[in-house]
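Visitor: Quick one: this structure, given as structure tokens, is what I'll be asking you about.
The values are calculated or read from the model by the stated rules, or taken from the named source; none is laboratory data. On a predicted model such as this, the values are computed, not experimentally measured, just so you know. Reconstructed Cβ throughout: ideal geometry from the backbone, glycine too, with neighbour counts over all protein chains shown.
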Amino acid sequence: MMWRKGAMPPTWREKMLDAKKIRKDFPVFDTGIIYLDSAATSQKPRQVIEAVSNFYKTKNSNVARGLYRIAEEATMAYESVRKKAASFINAREAGEIIFTRNTTEGANLVMRGWGEKNMGKGGKVATTMLEHHTNFVPWQVLAKRKGAEFAVAEITDEGLLDEADLEQKIRGASLVAVSAASNVLGTMPDTKKICRIAHDNGALCFVDAAQYAPSIPVNVKEMGCDFLAFSGHKMLAPFGAGVLYGRHDILEDMDPLLYGSEMIREVHPDHSEWAEIPHKFEAGTPAVDAVVGLGAAMDYLSSAGLENIRNHEMELVKLMLERLSEIKGLEILGPEDPGRRGALVAFTVEGVHPHDISAMLSEDNVCVRSGHHCAMPLHTRLGVAASTRASVYLYNTKEDIDALAESLHKVEKLFK
Amino acid sequence: MEEIYQEYIIELYKNPRNYGEIPDSERAEVSNPTCGDRITLFLKIRDGIVQNAKFTGHGCAISQASASLFTGFIRGKSLEELSGVGKEDVLSLLRIDLSRNPTRMRCALLPLDALKKLLKDVLP
């Protein structure tokens, strides 16, 4: 949609994101890259890099141990991010926020801490064909170990979740694992509805929000999920800090994933007692620097406004879908409506291997991902070995999409 | 990178040489998990000499072009000569510089991996 500058109502103008200005906060763009791989990991703004650097310059010390001033400051900095994360996803309390390394660790924590304890022979886990390996393999392994059933809901030919099939598969399950946004098709299942169906069937619901939380406001209370996991590095934060949200009463009853320091209350020669939640799930010294960076990243996102970011992404995805359709032999995977997909577009080009596409795009400094994107079952279902994926975030511009299209025209010419 | 995508590389990708199975032959299959490239190498060996070499599979232009050239290269070689074949042979066949592209290097060396696997596992 085109808006004439003078005709823009002020409320709308406020909602526009100034990507060109935002880009200036990201030093990596000085290298000249056209970065379209934020679904793999986002770039980091100066504010985040400086927050990490300042932590090392002024507060570096271990958390929850030392009693001297900078140790207290480090602990406060670490715990303040927990509060920030709780309000970022509208959790009831900071105690429901567990710092992990990433989404995968969050899923494994639930698999080991809840699954090993509660899943029995004859039990059932339900997931979907849309999933990243992160939200697939842990449940498959859990089911195998426990002699439980592993049910995978189908997708439609358009790439949407087959809700009727999922509803069928949820029957008799004690855990339902679903992603809020697919990392390949961009499909965004109705997680609120799925959580409700899960609960109606006596099952808990784990939501993989890795591709969702970076640009869409998460409200765990409204969604009704029991667990939700995401990675900081996909939302401007450093590597090594992710979040697992879990409902208080469920966390209370769960076993730790790792045992040792930090997670204990008392240790005796013959037995030990665990710390309160969430600390019983955070054994060992955590990645304090990365968590501090996550706090700065959430501040950055909040000040840009997640809704503005989402609107900006939808505009770019719409443009990308238009420009990609110019390329001969290019097939877009997933739903055509930008409003129904996350900030990415995966595609194949007839007669050209995805690996060759991304290598040739790299020659024009265009960074895209090629492969199965850690979603082999989905690619098998789609009948393709691999695909190429371009993803956008708040710092991308229309010029980036133009560069992608131009570079793809070169590929088209070379392989014609 | 565009130097990698020379015309002859793309030509070999579109029209591979020595593509197909050899019945009653020694074979080895290898794959590259990063891109899903997969190659099966077939060798017909008589009196310690490679009488025929072919391949099947799918993958990127580099792996497919490399397999086309490599199968031609090892034809007529003795088993002793085969055991001495290495990375430099493959790279000089391809005539492209991959020294700064470690992931693409793996694609290029896939047929060599298949040969090594065949020599190690299949032949005594």
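Visitor: As an exercise: evaluate A:Lys410 against (1) assigned to a helix (DSSP H, G or I); (2) within 14 Å of chain B (Cβ to nearest Cβ); (3) crowded, with 21+ Cβ neighbours inside 10 Å and give the number of the one condition it does not meet.
Guide: It is condition (3) that A:Lys410 fails.
Visitor: List the number of the failed condition for A:Ser362; all other conditions in (1) of a type in the set (Ser, Thr, Tyr); (2) farther than 22 Å from B:Asn101 by Cβ; (3) outside any strand (DSSP E or B) hold.
Guide: Status for A:Ser362: all satisfied but (2).
Visitor: Which ones in the range A:352-386 are touching a helix residue (DSSP H, G or I) at 6+ places or on another chain (Cβ under 6 Å) and either among the acidic types (Asp, Glu) or at positive phi (or both)?
Guide: Residues satisfying the conditions are A:Asp356, A:Asp364, A:Cys374.
Visitor: If you go through the range A:243-255 one residue at a time, do you hit one that is free of Cβ contacts under 8 Å to residues at least 60 places away in the same chain and not charged (D, E, K, R)?
Guide: no
Visitor: Moving on. Across the range A:65-111, what is the number of residues that are closer than 18 Å to A:Met235 by Cα, under 15 Å from the mean Cα position of the chain (by Cα) and either part of a helix (DSSP H, G or I) or hydroxyl-bearing (Ser, Thr, Tyr) (or both)?
Guide: The number of residues fulfilling the criteria is 7.
Visitor: Residue check: is A:Thr191 under 20 Å from A:Ala346 (Cα atoms) and among the polar types (S, T, N, Q)?
Guide: In short, no.
Visitor: What residue, among those in the range A:21-38 that are in contact with a strand residue (DSSP E or B) (Cβ under 6 Å, 6 or more places away or on another chain) and not aliphatic (A, V, I, L, M), is surrounded by the fewest Cβ atoms within 10 Å (Cβ to Cβ)?
Guide: It comes out as A:Asp37.
Visitor: If you don't mind, there's one more thing I want to ask. Being at pLDDT 90 or above and within 14 Å of chain A (Cβ to nearest Cβ) is the requirement here; does B:Gln51 meet it?
Guide: no
Visitor: Taking only the range B:32-48 into account, find how many residues are farther than 24 Å from B:Glu88 by Cβ and within 14 Å of chain A (Cβ to nearest Cβ).
Guide: Adding up the residues that qualify gives 3.
Visitor: Further question: For the range A:143-150, does any single residue satisfy the condition of being in the same structural domain as A:Ala283 (by TED's automatic domain parsing), part of a loop (DSSP other than H, G, I, E, B) and buried (at least 18 other Cβ atoms within 10 Å of the Cβ)?
Guide: Within the range A:143-150 (the criterion being in the same structural domain as A:Ala283 (by TED's automatic domain parsing), part of a loop (DSSP other than H, G, I, E, B) and buried (at least 18 other Cβ atoms within 10 Å of the Cβ)), the answer is yes, since at least one residue qualifies.
Visitor: Just need a number here: residues in the range B:25-39 that are under 13 Å from B:Val122 (Cα atoms) and surrounded by fewer than 19 Cβ atoms within 10 Å (Cβ to Cβ).
Guide: Final tally of qualifying residues: 4.
Visitor: Return the total of residues in the range A:341-356 being more than 9 Å from chain B (Cβ to nearest Cβ), over 20 Å from the mean Cα position of the chain (by Cα) and either in contact (Cβ under 8 Å) with a residue 40 or more places away in the chain or not in a loop (DSSP other than H, G, I, E, B) (or both).
Guide: Adding up the residues that qualify gives 3.
Visitor: Scan the helices (runs of 4 or more DSSP H) fully inside the range B:58-124 and keep the ones with 2 or more residues being surrounded by fewer than 18 Cβ atoms within 10 Å (Cβ to Cβ), out of contact with any strand residue (DSSP E or B) (no Cβ under 8 Å at 6 or more places or on another chain) and within 14 Å of chain A (Cβ to nearest Cβ).
Guide: In the range B:58-124, the matching helices (runs of 4 or more DSSP H) lie at B:102-108.
Visitor: Provide a single number: the residues in the range A:384-400 that are surrounded by fewer than 20 Cβ atoms within 10 Å (Cβ to Cβ) and either of a type outside the set (A, V, I, L, M, F, W, C) or in a helix (DSSP H, G or I) (or both).
Guide: Total satisfying the criteria: 3.
Visitor: Same structure again: Can you tell me which residue is nearest to the other protein chains (Cβ to nearest Cβ) among those in the range B:1-31 that are within 23 Å of B:Arg100 (Cα to Cα) and either in contact with a Ser or Thr (Cβ under 7 Å, 6 or more places away or on another chain) or of a type in the set (Lys, Arg) (or both)?
Guide: Once the filter is applied, the top-ranked residue is B:Met1.
Visitor: From A:Glu307, A:Glu276, which residue is surrounded by fewer than 16 Cβ atoms within 10 Å (Cβ to Cβ) and under 30 Å from A:Ile22 (Cβ atoms)?
Guide: A:Glu307
Visitor: Exactly one of these conditions fails for A:Leu257: (1) assigned to a strand (DSSP E or B); (2) crowded, with 16+ Cβ neighbours inside 10 Å; (3) at pLDDT below 95. Give me its number.
Guide: (1)
Visitor: Something else now. Only one residue in A:Glu322, A:Glu313 is assigned by TED's automatic domain parsing to the domain that holds A:Tyr395, part of a helix (DSSP H, G or I) and without any contact (Cβ under 8 Å) to a residue 12 or more places away in the chain, so which one is that?
Guide: Unique residue meeting the criteria: A:Glu322.
Visitor: Still on this structure: Take the conditions closer than 15 Å to A:Ile22 by Cα and not assigned by TED's automatic domain parsing to the domain that holds A:Ala405 and apply them to A:Asp289. Does it pass?
Guide: no
Visitor: Which numbered condition in (1) within 22 Å of the chain's Cα centre (by Cα); (2) surrounded by fewer than 17 Cβ atoms within 10 Å (Cβ to Cβ) is the only one that A:Glu322 fails?
Guide: In the conditions (1) within 22 Å of the chain's Cα centre (by Cα); (2) surrounded by fewer than 17 Cβ atoms within 10 Å (Cβ to Cβ), A:Glu322 misses (1) alone.
Visitor: Which of the residues that make up the range A:288-310 are among the β-branched types (Val, Ile, Thr) and more than 19 Å from A:Ile70 (Cα to Cα)?
Guide: A:Ile309
Visitor: Look through A:Gly334, A:Gly371 and report the one residue that is more than 9 Å from chain B (Cβ to nearest Cβ), in contact (Cβ under 8 Å) with a residue 12 or more places away in the chain and crowded, with 19+ Cβ neighbours inside 10 Å.
Guide: Matching residue, one of A:Gly334, A:Gly371: A:Gly334.
Visitor: In addition: Which of the following residues is charged (D, E, K, R) and part of a strand (DSSP E or B): B:Arg27, B:Arg17?
Guide: B:Arg27
Visitor: May I pose another question? Of (1) among the basic types (Lys, Arg); (2) surrounded by fewer than 19 Cβ atoms within 10 Å (Cβ to Cβ); (3) not in a helix (DSSP H, G or I), A:Arg381 satisfies all except one. Which?
Guide: Every listed condition holds for A:Arg381 apart from (3).
Visitor: Moving on to the next point. Hey, among A:Thr104, A:Thr127, A:Thr156, which residue is surrounded by fewer than 24 Cβ atoms within 10 Å (Cβ to Cβ) and at pLDDT 95 or above?
Guide: Within the list A:Thr104, A:Thr127, A:Thr156, the selection yields A:Thr104.
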